2 protein chains.
Amino acid sequence: MAYELYYWPTIPGRGEFVRLALEESAVEYVDVARRSGADAGVQALMRLLAQAGPHPPFAPPVLRADKLLIAQTANILAYLGAHHGLAPADEAGRVWTNQLQLTVADLVDEVHDTHHPIASALYYEEQRTEAARRSEHFLASRLPKYLGYFERVLEQAPAPGAYLAGGSLTYADLSVFQAIDGLEYAFPRAMSRESPRYPRLTALCERVRTRPRIAAYLASPRRLQYGEQGIFRHYPELDPA
Amino acid sequence: MAYELYYWPTIPGRGEFVRLALEESAVEYVDVARRSGADAGVQALMRLLAQAGPHPPFAPPVLRADKLLIAQTANILAYLGAHHGLAPADEAGRVWTNQLQLTVADLVDEVHDTHHPIASALYYEEQRTEAARRSEHFLASRLPKYLGYFERVLEQAPAPGAYLAGGSLTYADLSVFQAIDGLEYAFPRAMSRESPRYPRLTALCERVRTRPRIAAYLASPRRLQYGEQGIFRHYPELDPA
């Protein structure tokens, strides 16, 4: 049975981390809210969130995997990683990959809050002043801390030069690629200043980007573009020269 | 070998979610940064964070479990849950418990940002205006959303009245208890208004609080008090009548 992904149909957002794992796994999946029809579209997503089953999701993305309904991005990825060879099979490797993913999730939360430091329910325009202040701190201290961390992981890895969890690709590599890709869209000036300091991380992202299935996906209409909604947004005033 | 927990020695913080699981499991552990001596104290935590091993933690809490060094609260709990009967053994139950825990983690992040909406590196006093605005939105819409969600989980559970993942306690129950306990400290007025709407959640927290090992722990000096540092802080101006 094909997987069913439920996520907002117009933004890459957190759903994109799941899409990359599905694409790299070359499994069949339906991006439900991007389809039209009675059982599809954003209405299908809303119905799923309101459903009365025993394991209700708090928020999308949600993956239907046969009888399981799985929410929380890192949780979905741990499942896909275990079932499709995108995570090490041994406990130490599995725990480490999950740890990396949760650190990516923390970074993504902080990126979201650069433009929404007060409330998700408000427009950016209603929190511009606070967003400018938060972004300044994010770019000055948090962004280098995260980038430096992933660079250090690659430097200290037992198999240097390969992937974050060793010689084989995991979903954490896909997620780090997506986070960096989104950051380059949102903060092009800051990233062009920062990136030269993290050559291993840059090389990792390039290795991910050029994997055959990922490259084909990125060039396809299935890959949603960044815009003025979602997590990764470009507001020039938040990314000064 | 005893587990070693590395976390800030003066706040419950995120470390408390790990402590509760260790206490309920009745396993031997050392709360390293709260001990004195050459291999202990906050210096031991700082050394651990700077160490050059292959799996560096990004931030505490960190658990040393024999040869594994595990960071990220939800990741540590998934490990402890699997090894000490604090999570279902089947995949569906394990995935669900992790999903609940990650939702608690999101709530905890939002609680932190009520008093630190701009930057963790700044004092609260440097972001009071923004904190008041963020707290207002948190209390008006986010808090009821999270509390209502956990109430709904208990209502829709196949074994109503027991625990979040069925008839047996999991680490997610301990974590929901800790989040609610912290919220009651931080926002006593808001919580006294909100709580009556969530009777199942209130009853769950009481079941956790009165479990023999948890009750003994809460009454012991091992349980750190909330204060003016850490995630759960009480600023009366953020919790209006």
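Read-outs: derived from the displayed coordinates by stated rules, not from any lab. Just so you know, these numbers come straight off a predicted model, no measurement behind them. When we count neighbours, we look across all protein chains shown, and the Cβ atoms used for this are built from the backbone with ideal geometry, even at glycine.
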Problem - GluC sites (Glu not before Pro) within the stretch B:1-49, DSSP loop, no more than 10 other Cβ atoms inside 10 Å - result: B:28
Completion exercise
Taking every DSSP bridge whose two residues both lie in chain B, the antiparallel percent to the nearest 5 is 75
Completion exercise
Env charge @ residue A:10, Cβ radius under 15 Å, K,R +1 / D,E -1, value +4
Practice task
Tell me the distances, shortest first, between residue B:35 and the same position across the other copies, using label points 7 Å along Cα→Cβ, in nm to one decimal.
Solution key: 5.7
Exercise for the section: Work out the mean other chain Cβ neighbour count within 10 Å for the residues of B:173-180 and drop it here as an integer. Expected result: 0
Practice task
Could you work out the mean count of beta carbons from other protein chains within 10 Å of each residue's beta carbon in A:95-105?
Solution key: 6
Handout entry: At 7 Å out from Cα toward Cβ: residue B:167 inter-copy label distances (nm, ascending)
Key = 4.7
Fill in the blank from the handout: Output for the stretch B:25-78: trypsin sites (Lys or Arg not before Pro) sitting in coil per DSSP, at most 13 other Cβ within 10 Å, listed by number, reads B:35, B:67
Problem - Mean residue ellipticity (222 nm) of chain B, computed from DSSP H runs ≥ 4 via -39,500 (n - 2.57), nearest 500 - result: -16000 deg cm²/dmol
Exercise for the section: State, to one decimal in nm and shortest first, how far the label point of residue A:10 sits from each corresponding label point in the other identical copies (label point: 7 angstrom along Cα-to-Cβ). Expected result: 4.9
Problem - Averaged over A:61-69, number of beta-carbon atoms from partner chains that fall within 10 Å - result: 1
Exercise for the section: Assign one of three labels to the protein assembly as shown, namely rounded, prolate or oblate, based on the Cα gyration tensor with a ≥ b ≥ c the square roots of its eigenvalues; rounded applies when a/c is under 1.5, prolate when it is not and a/b is larger than b/c, and oblate otherwise. Expected result: rounded
Completion exercise
With T = 10 °C, eta = 1.306 mPa s and Kirkwood Rh from C-alpha pairs, the Stokes-Einstein D of the stretch A:91-211 in µm²/s is about 105
Handout entry: the stretch A:1-154 - Debye-derived log10 I(q)/I(0), Cα point model, q = 0.10, 0.12, 0.21 Å⁻¹
Key = -0.44, -0.63, -1.31
Fill in the blank from the handout: Whole-Hz Karplus couplings 3J(HN,Hα) for the stretch A:3-16, θ = phi - 60° and coefficients 6.51, -1.76, 1.60, Gly and Pro as x, run 5, 10, 9, 10, 7, 3, x, 10, 10, x, x, 6, x, 5
